[in-house]
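Scroll down for the structure; my scribbles are underneath it.
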């Protein structure tokens, strides 16, 4: 058998398709980057909240699964679009915690994932009922509007208020024979959204101003935003406790006092520990969720 005299036995083998195991290992960082870019913790919290509200209102297991799928798709689309739109600003601010900036996933992949999630959200939402689906899609659209430009305006609070207000309405309108939830439930959710906006933006106000983002909290400044944060949160709790017909009861009064203490404490201590206002906002939101679910018929 003839042997090519020019052949190098030490030469690297020809490059071909990577073995399946190698290809899978290469995809793992990108999958992890997508999970991080969707703001997974907040996404799952919203999904759990709306699903629990639907269950408390009497939705069956299949209906709850559909609600969860619709909300998950909507939240994924908003989270991914946020990181895709903000990629350049995040890089300029040196936010290495962002997966696009860290290089674990490409901005094109995040953008594609956002569009695909939005495409899934439309039929899933409408499957819950035409009116319920329209309300949910309006809330998702508010999130996209924030990402695409409203976040840099004095109206940056509005998408948060609208998006949060849509959640109890979506859960209620999807129930058989049900209509709009009580007004105080929607108003409290909107106030929680405003508080969430302040808490979410507060740690990044300096970086945002440096990259040209001048939303409502940035215009207020870090000190005033921190001091204002308890106001919408406590107002939301007060609505859920005092606006509902009937006696307040010991549980309601206790919940109101606890929420006020948490929100005020987070604002006062936030000067030295910037993460505390956000943590306080999460805890107050948990109090409000407990009030909603504990009332049982809150969506009736």
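No value in this document is a laboratory result; all are computed from the given coordinates. Computed from a predicted model, the values in this text were never measured in an experiment.
Odds and ends about this structure:
- Shown here is the pair-distance distribution of the range 229-300: with all Cα-Cα distances grouped in 5 Å bins from zero up to the longest one, the shares run 3, 18, 28, 21, 14, 8, 5, 2, 0 percent.
- Computed helical MRE - 222 nm, the chain, DSSP H runs ≥ 4 contributing -39500 (n - 2.57), nearest 500: -23000 deg cm²/dmol
- Fraction in percent of alpha-carbon pairs per bin - 20 Å, the chain: 31, 52, 12, 5, 1
- Tilt relative to the chain, helix 20-37 - C-alpha long axis, 0 to 90 degrees, to 10: 30 degrees
- Relative to the longest principal axis of the Cα atoms of the chain, the long axis of helix 40-56 lies at roughly 40 degrees.
- Computed over the alpha-carbon pairs of the range 182-295, the distance histogram in 5 Å steps reads 2, 14, 24, 21, 16, 11, 7, 4, 1, 0, 0 percent, short to long.
- Extent along the principal axes, Cα only, for the range 37-160: 48, 32, 22 Å, with the longest axis given first.
- Helix 130-147 axis versus longest C-alpha principal axis of the chain: approximately 70°, rounded to the nearest ten.
- The Rg/Rh ratio for the range 79-217 is 1.02, where Rg is the radius of gyration of the alpha carbons and Rh is the Kirkwood radius.
- With N counted as the residues of the range 121-190, its alpha-carbon radius of gyration over 2.2 N^0.38 Å works out to 1.14.
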